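Structure record follows, encoded as structure tokens.
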Amino acid sequence: TQSTWDIMESANKEGYFGSLKPAQEKALQDFVAQIEKLNAENWKYDLTQFDTYDYLRFLRARKFNVTKSVEMFSNYIKWRIEFGLDQIFLFKFPEKDAVKAVYPHGFHKTDKEGKPIYIERIGITNIDLLFTKTTKERIMRYYVREYEKQRNYVYPACSNAMGRKIETGLTIIDLKGGQSVLLTPRCYNFVKVASTICQNYYPEICLLYTSPSPRDQRGSRMPSSA
């Protein structure tokens, strides 16, 4: 059930809840029907944790192409099962403080629209030292746990604070202090793996910006489907 302030958040935003064209409404119905059929026949997964907003994120990510959207969501469910995502909050990351000391990151307030702001200071991150504190596998699991925390706790809290639906956040990749940091293969691969998880499995969870831009140093937005 969608509340009144849910509808207000997405009003006048084409492709969002409360502002769908007839063809998009039909695509949503077909998408849900196919997902429920696939789940009944194959996954047997608890779909009650997803709502219309979740489904629309996947549809928008594939421009309301039902076949492609179903494929994307199917891959997401398979990944959740293989990754053991329903148990992700049992994962402990005791090296978190040591990791943040060499890889500064975290939430910092909200923007004027109430979206949570998440900052990663990649420019001063010491990648080599980072992987003396943890492993690639553990930090990826930590990343996924944080994505789930955003989806299940951060956005609902921001929504309650604003009195309207907040379904996206703002991620800032701060490159200052590193100059050609992203040209370092190990750092580039680290960022790429994390952003790929977001793009493939958490579409539109966050808007991604870099500061300054790696292309022109003017601090412009870096296009992303994240």
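Points worth noting:
- Per residue of the chain, the DSSP helices (runs of n ≥ 4 H) give a summed -39500 (n - 2.57) that works out to -14500 deg cm²/dmol at 222 nm.
- Stretch gain in nm, segment ASP128-GLN34, where the contour uses 0.36 nm per residue and the Cα spacing is subtracted: 29.3 nm
- Inverting the pair-averaged 1/r between distinct Cα atoms of segment 108-214 gives 14.8 Å as its Kirkwood hydrodynamic radius.
- With the simple spin-label model, which puts each label point 7 Å out from Cα in the Cβ direction, the LYS192 to LYS78 separation comes to 2.2 nm.
- Candidates GLN49, GLN24, GLN87, ranked by Gaussian network fluctuation over the chain, Cα under 10 Å, top entry: GLN49
- Ratio Rg/Rh, restricted to segment 1-130 and using Cα atoms, in which Rh is the Kirkwood radius: 1.06
- In units of the compact-protein estimate 2.2 N^0.38 Å, segment 24-66 shows a Cα radius of gyration of 1.12.
- Per residue, the average separation of C-alpha pairs within less than 8 Å and at least 6 apart gives segment 28-122 a relative contact order of 19 percent.
- Two-decimal log10 I(q)/I(0) for segment 101-147, as the Debye equation yields it once each C-alpha is a single scatterer, q = 0.29 Å⁻¹: -1.12
- The ratio of the alpha-carbon radius of gyration of the chain to the globular-protein estimate 2.2 N^0.38 Å is 1.07.
- Order by protection proxy (mean Cβ within 10 Å, highest first), peptides 205-211, 60-66, 95-101: 205-211, 60-66, 95-101
- Filter on LYS63/LYS92; LYS37/LYS115; LYS21/LYS165; LYS13/LYS176 - keep pairs with C-alpha separation over 30 Å: LYS63/LYS92; LYS37/LYS115; LYS13/LYS176
- Site pair TYR153 and LEU90 shows an inter-label distance of 1.8 nm when each label is modelled 7 Å from Cα along Cα→Cβ.
- Taken over segment 61-144, the convex hull of the Cα atoms encloses 158 Å³ per residue.
- Computed over the chain with a Gaussian network model linking Cα atoms closer than 10 Å, the most mobile of ALA194, ALA27, ALA40 is ALA40.
- Taking one quarter of the surface of the C-alpha convex hull of segment 33-97 gives a mean projected area of 5.7 nm².
- Most mobile of GLY163, GLY123, GLY84 in a GNM of the chain (Cα contacts under 10 Å): GLY84
Just so you know, all these numbers are worked out from the coordinates, no wet-lab data involved. Everything quoted here is computed from the prediction, not taken from an experiment. A quick note on method: Cβ atoms are made from the backbone with ideal geometry, for glycine too, and the neighbour counts reach across all protein chains shown.
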